[in-house]
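This report concerns only the one structure given below.
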Amino acid sequence: MTPGQADALVVVDVQRDFLPGGSLAVAQGDRVIGPINRLLEHFAARGLPLFASRDWHPPDHCSFRERGGPWPVHCVAGSAGAAFSEGLRLPAQACVVSKATRPESDSYSAFGGTDLGHRLREAGVTRLFVTGLATDYCVLHTVTDALAAGFAVVVVRDAVAAVDAQPGDGDRAIERMRGLGAHFADTAEILAGAAVQ
């Protein structure tokens, strides 16, 4: 399946705090970077839209344990941990979407409280290729919201990774996305123009 003019690539939260060594690390989360970079190059070479979401939390964000939330402090706006991975080759033309920017409001989805949907519609996008971290949280919620908004979605299997806070969370998230109508493909299949499943 060759991405066409109505397609966009969405890179979800490939930030240092979600990678090995970070404060909320996804085990082997860095394995998604190579496939994502190949897709970034492929989409950029065709002039297709590129979007990258990031958690961009204030220091007193409601998701932090100190505030009664479930997570350690992570991705505080402007901090080293909130930066995109040094290995991520994000082109200058990529649009960055910051989410969960207010202390009292959390959002796993790249659509939640952002203008991502508007930007995609303005660009004439009807199908999203979704990559990033983590399968069972921000990827799942981004895909769910995208489908609810009427976008077709392809989740890139080798370009997502799960937290698995509970064993099997990642697999359950994949089944949920599939049940909602998401398609799945590997990077090699996309680059080769193969059909999605």
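Taking Thr114 as the residue in question, decide whether it is farther than 22 Å from Pro20 by Cβ and touching a Phe, Trp or Tyr at 6+ places or on another chain (Cβ under 7 Å). Here the answer is no, as Thr114 does not meet what is asked. The single condition among (1) under 15 Å from the mean Cα position of the chain (by Cα); (2) surrounded by fewer than 16 Cβ atoms within 10 Å (Cβ to Cβ); (3) of a type in the set (Ser, Thr, Tyr) that Thr126 does not meet is (1). Leu191 - would you say it is modelled with pLDDT under 95 and either among the basic types (Lys, Arg) or assigned to a helix (DSSP H, G or I) (or both)? The answer is yes for Leu191.
Ser79 meets each of the listed conditions (1) farther than 17 Å from Arg157 by Cβ; (2) within 18 Å of the chain's Cα centre (by Cα) apart from (2).
Against the test of being part of a loop (DSSP other than H, G, I, E, B) and at pLDDT 95 or above, the options Val163, Val143, Val125 yield a single qualifying residue, Val125. When segment 63-82 is filtered for residues that are surrounded by 15 or more Cβ atoms within 10 Å (Cβ to Cβ) and not small (Gly, Ala, Ser), the ones remaining, listed by number, are Phe64, Trp71, Val73, His74, Cys75, Val76.
Inclusion of Leu147 among residues that are surrounded by 23 or more Cβ atoms within 10 Å (Cβ to Cβ) and not hydroxyl-bearing (Ser, Thr, Tyr) is not warranted. Only residues that are under 18 Å from Gly113 (Cα atoms) and basic (Lys, Arg) were counted in segment 46-81, giving 1.
There is no residue in segment 77-100 that is among the β-branched types (Val, Ile, Thr), over 12 Å from Asp13 (Cα atoms) and either at pLDDT 95 or above or assigned to a loop (DSSP other than H, G, I, E, B) (or both). Which residues, counting only those in segment 79-116, are touching a Ser or Thr at 6+ places or on another chain (Cβ under 8 Å) and free of Cβ contacts under 8 Å to residues at least 24 places away in the same chain? The one that is touching a Ser or Thr at 6+ places or on another chain (Cβ under 8 Å) and free of Cβ contacts under 8 Å to residues at least 24 places away in the same chain: Gly113.
For segment 55-62, the condition holds for at least one residue, the condition being that it is part of a strand (DSSP E or B), acidic (Asp, Glu) and buried (at least 16 other Cβ atoms within 10 Å of the Cβ). Taken together, the residues in segment 84-136 that are polar (S, T, N, Q) and touching a His at 6+ places or on another chain (Cβ under 8 Å) amount to 3.
Of all the listed residues (Asp136, Asp115), the sole one being among the acidic types (Asp, Glu) and closer than 22 Å to Gly29 by Cβ is Asp136.
The values are calculated or read from the model by the stated rules, or taken from the named source; none is laboratory data. The structure displayed is predicted, hence computed values, not measured ones. Quick reminder, even Gly has a Cβ in these numbers, built from the backbone with ideal geometry, and neighbours come from all protein chains shown.
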